[in-house]
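Everything on this sheet refers to the single structure shown next.
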Amino acid sequence: MPAQQYRVVLDTNQIISAGSKWIDGTCEIGTDNISRRILICVACSHNGLYSVDMFREYVRKLAEKHHDNDCIVNDRIVKLMALIMGAFNIVQVATRTAPIRPRDLDDEVFLLCAIDGNADYLVSDDGDLLVLAPDYPKPVIGKSQELAMVLGA
């Protein structure tokens, strides 16, 4: 367990990259997938944060990725979302726009959740969010590779 608990927001790319086969034992949890390590670490050792809009984005992107409507895949998606709902804290987002908005306005939901949830970190490998890192001292916006060590993943 890390020495300190952080408040952490995970961008959709982290959830997608973590995969879902491990959630029902279809594959080993393994340590080679950094996004999976971060997701599990945040769920077990930190205060993961999500908003209703983020949750919708997670589900939408997972459904797009697995558009074949496979029952097994859909079951894993439900289990993954249940993990997030059970282990993370929901943030009631009141802020309407980020002080400095991302180029892709779909990414703004992650910033707003991080701001209103008083997050320490926003983990993303999305260039539209990463380019904003110098403008946001808190939350620290960083790549999974950079933040995995800080989070103890």
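Every number in this text was worked out from the coordinates using simple rules, so none of it is lab data. Computed from a predicted structure; not experimentally measured.
Over the Cα atoms of the range 114-153, the radius of gyration divided by the Kirkwood radius equals 0.95; this is the Rg/Rh ratio. The calculated 222 nm mean residue ellipticity attributable to helices in the chain amounts to -13500 deg cm²/dmol, summing -39500 (n - 2.57) over DSSP H runs of n ≥ 4 and dividing by all residues. Along each principal axis, taking the top coordinate minus the bottom one, the Cα set of the chain gives 41, 34, 26 Å in descending order. Partner lysines whose Cα lies under 25 Å from the Cα of Lys61, excluding those fewer than 8 positions away in the same chain, are identified as Lys21, Lys79, Lys143.
The aspartates and glutamates within cross-link reach of Lys138, meaning a Cα-to-Cα straight distance under 13 Å and a gap of 8 or more places when in the same chain, are Asp116, Asp120.
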